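Have a look at the structure below, then the notes.
Taken together, the values in this text are just the output of simple stated rules run on the coordinates, not laboratory data. On a predicted model such as this, the values are computed, not experimentally measured, just so you know. Cβ placement follows ideal geometry from the backbone for every residue including glycine, while neighbour counts extend to all protein chains displayed.
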Amino acid sequence: MQKRQMEILEHTQLTEEIFRLTLAGGIGAKPGQFVQVGLGPTWEPFLNRPFSVHNCTKTTLSLLYRVVGHGTRLLAQKQRGSILSVVGPLGKGFPPTKRRQAVLVAGGIGAAPLYYLMRMLRAEGKDVIFLYGAKTAAQIVLEDEYRSLAREFYLITEDGTAGTKGLVTDLLPQILGENEAEIFACGPNAMLRAVAQTAAEKKLPCFVSLEAQMACGVGACLGCVVATADGNYRRVCADGPVFAAEEVFRFGS
């Protein structure tokens, strides 16, 4: 973990609410890790904001985010050349896959960290299947970039305005079939639970990236704890945000 002052190279509005931010400088992050971003030099907002790493190279760091409150509204106003305070990389990312095939499941802005993961999997020669779900076509971003990295790409929207109509979790069992795949997912909690249940039924390894309200980002404040399947609690920022699905979801007796 390191604190850096990083310059904005590009800041692109992709939809009404979703932006992609590219900063100068690599941070050596692994897929699934996150950073805390401060807008400085003022105290507004007081707390840094956590963002998953969308992409990371030796010379750049990219974040994909949705405007949801005061902090992200202020961030969306930042222009090229502005300097941001970045702490990271933080948290535990996705583990190395042990299988030839990887199935990635994204829900909404949960697609953000899966791009970097998909890049790394392709570099390792893995066979990647990508399921991208959203409520409506207006929430789908960077479709061509995701599609270009996947051997199979499936687009699903709840209202049917793009791709197949329905839920991404409805299609998942059909895609998996009898495949000996490893599953990686990020999105709303209800989606993650459904993905985890499908993985459990098919006895496939599954890893989920959780979202939680964070303050410190290093596990000290305990503001992001979640209950786990064994009755204990884990800190999303320090013990995660990526967990084996069976750690956080329990099914059956």
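Over 31 Å apart at the Cα level, from the set Lys92/Lys165; Lys58/Lys78; Lys3/Lys203, are Lys92/Lys165; Lys3/Lys203.
The tail of the calculated P(r) for the chain, taken as Cα-Cα distances beyond 32 Å, holds 19 percent of the pairs. Within the stretch 105-184, the trypsin sites (Lys or Arg not before Pro) that combine a DSSP coil assignment with at most 15 other C-beta atoms in a 10 angstrom radius are Lys135, Arg151.
Seen from Val37, the other residues with C-beta closer than 12 Å to its C-beta sum to a net charge of +4, counting Lys and Arg as +1 and Asp and Glu as -1.
Loop-located GluC sites (Glu not before Pro) in the stretch 138-215 (DSSP state other than H, G, I, E, B) with a sparse environment of at most 11 neighbouring Cβ atoms within 10 Å: Glu178. Computed over every Cα-Cα pair of the stretch 1-43 and binned at 5 Å starting from 0, the pair-distance distribution P(r) comes out as 5, 15, 23, 26, 21, 8, 1 percent. Annotation: extensible slack from Arg122 through Ile83 equals 10.8 nm (criterion: 0.36 nm per residue apart, minus Cα-Cα distance).
Selection among Gln101, Gly88, Gln77 by position relative to the dipole of the stretch 1-105 gives Gln101 as farthest towards the positive end (Cβ unit charges, Cα centre). Within the same chain, aspartates and glutamates fewer than 8 places from Lys98 are excluded, and of the rest, those with a Cα less than 16 Å from its Cα are Glu124, Asp127, Glu180, Glu182. Ordered from longest to shortest, the equivalent ellipsoid semi-axes for the stretch 101-248 are 25, 17, 16 Å, each the square root of 5 times a Cα gyration tensor eigenvalue. Taking other C-beta atoms within 10 Å as the exposure proxy, Lys58, Lys78 rank Lys58, Lys78 from fewest upward.
Taking all Cα pairs closer than 8 Å and separated by 6 or more residues, the relative contact order of the stretch 101-248 comes to 20 percent. Placing unit charges on the Cβ atoms only, positive for Lys and Arg and negative for Asp and Glu, gives the chain a dipole magnitude near 620 debye about its Cα centre. In the chain, helical runs assigned H by DSSP with n ≥ 4 each contribute -39500 (n - 2.57); averaged across all residues and rounded to the nearest 500, the mean residue ellipticity at 222 nm is -6000 deg cm²/dmol.
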